Structure formats: C-alpha cells, structure tokens
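Remarks on the structure that follows.
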Amino acid sequence: MTTLFPHRESSAQVSAAVIVFPGSNGDHDLLQALTLCGFSARFLDAEQEIPIDVSLVGLPGGFSYGDYWRAGVLASRSRAVRSLAAFLQRGGLVIGICNGFQILVESGHLPGALTYNHPPRFVHRWVKLRVTEESARSPWFSSLPSGTELRFPIAHAEGSYRYADSSSGIRPAIPLLYEDNPNGSMSDAAAVLDDSGRILGIMPHPERACDLMLGSQDGLRLFQAAQRYLVRRPIQ
C-alpha cells in the first residue's frame, strides 16, 4: 500500500518551528513537510519568542490577521517575527511561504514589496518554475542545479513582487522564476533571498508539493537541502 509520505529522511534530526498566526492555514502542511524531511518540528505561537534550540523557522501561508490593512503587515509586528533578528544572528534558516513571504517583506527581512496580482484576481493552480544561477549561494537550493525545473501549486491574490529600483537591481536575489508568470511579478520572480541566502521568501507552495499523490514531490528537495545544511552546520 502506498503511504502518503513515503520518503522520510533517516539522518540526524534538527529542530524546526512553524510560527502560527491568527488566520494561518498552511501551518499543518508545512509542519508535515518538515517532519517528513527529518526535522523535529513543532508549532510556535506568534506571540512567543523563537526558542534557543530551533535551527529553522517557517512562516506558513494563510491570511494572518485576516490580511487587514495589507497582507502580512500585522503579523510582521508579532513577537515571534521580532525575534527573528536574534535567531538569524545564530545562523538559522528561515522560509516564508505565500503569506509568510509577505510577512518577511513587511518586517524588512527581505527587500521589495508584494501587491495585488496583475490583473487583480485570486490565482490557484500548478505552475512550472526554473532555478536560477543566483540560487547557488543559498542552502535552500544546494541540491538544485541552475536550470532545474520544479512544479509547485500557487494560491494567492497579493503575490505580485515589486522592487523600487530597476529589475536588474533585484535579479541577484531571485533564485526561482515563473516559466509563465501568473501574477505580474517583476522579473518573473517566484522567490527572493536575503543577502546571506539563508532567508527564503517564496510565493508558490513547496510544502504542498511533497508527494506524487498530491501532484509533485519537488518541494521535498528544498526542505531536504535545508536539513542537510543544518546537520553539517549546527547553529550557535
């Protein structure tokens, strides 16, 4: 009988936390994906600081605080998000997926802005993505050579990425491109990295692409790469 998650990693476990905001709806998916890839994963309330033993933090998709004012802005003021700076100084990894991406931008951990899709509408479908050369500096893409094609689902209304300067200024931060841009993002950006490469904001959902029964296993490759990196380089 085929199991839902048949490829559990067997190597040493690393601790991960999924921040849960009022309105999160991708938290269980993300926790399950991390657990599948060998992490010892748990939920963390948004009003708690990140525990000292955590090596990876995930900000899930959803509609934190109902997307009031604008998506991610209220969640970006939460205690957990405010404690990310100290966590990152210890060398941890962070991933923000969909609404989590919006929160990382609103909190200043990633450059640019996310706004309404062009044309304005909610989009939900599978998309093809391509890994760029710029991904090579990021632990999240260490097992994905430039040019690798991935298949992830999207589900968002405010996923159009914008950057104040020219598109050439943001290209070094883009590790993943849409093959067929679904939302009008500048430079076809599907994801953005910080300068260290350890913070990843991604609009498509890798945690929903972790089993062939669901349509793709490509999302496993990001989480497995992160797990291997943290096993080799434990945070302080």
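Derivation of every value follows stated rules applied to the coordinates shown; laboratory data play no part. Please read all numbers here as calculations on a predicted model, not as lab measurements. Ideal geometry is used to build each Cβ from the backbone, glycine not excepted, and the neighbour counts take in all protein chains shown.
With 10 angstrom as the radius, rank ILE97, ILE170 by how many other C-beta atoms surround their C-beta, starting from the fewest.
ILE170, ILE97
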Once the principal axes of the Cα atoms of region 117-236 are found, what is the range along each, listed largest first in whole angstroms? 44, 40, 26
At 1.567 mPa s and 4 °C, Stokes D of region 57-114 from Kirkwood alpha-carbon radius, µm² per second: 115 µm²/s
Residues SER40, SER24, SER216 in order from fewest to most other beta-carbon atoms within 10 Å are SER40, SER216, SER24
In nm, what is the difference between 0.36 nm times the number of residues separating ASP45 and MET213 and their Cα-Cα distance? 57.4 nm
What Kirkwood hydrodynamic radius, in Å, does region 165-226 give when the mean of 1/r is taken over all pairs of distinct Cα atoms and then inverted? 12.8 Å
VAL123/ILE52 FRET efficiency (R0 30 Å; Cβ-Cβ; nearest 0.05): 0.15
Pairwise centroid distance, computed over Cα atoms, of region 116-152 with region 186-222, Å: 6 Å
In terms of the alpha carbon gyration tensor, root eigenvalues a ≥ b ≥ c, rounded if a/c is under 1.5 and otherwise prolate when a/b exceeds b/c or oblate, region 6-104 is oblate
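Which value at 222 nm does the chain reach when only helices count, each DSSP H run of 4 or more adding -39,500 (n - 2.57), with the total divided by all residues and rounded to the nearest 500 deg cm²/dmol?
Details: 6 runs with 46 residues, N = 236.
Calculated at 222 nm, the ellipticity per residue is -5000 deg cm²/dmol.
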Residue-ordered couplings for region 204-220, obtained by feeding phi - 60° into the Karplus form 6.51 cos²θ - 1.76 cosθ + 1.60 and rounding to whole Hz (Gly and Pro as x), are x, 9, x, 5, 9, 10, 10, 7, 4, 5, 8, x, 5, 10, 4, x, 4
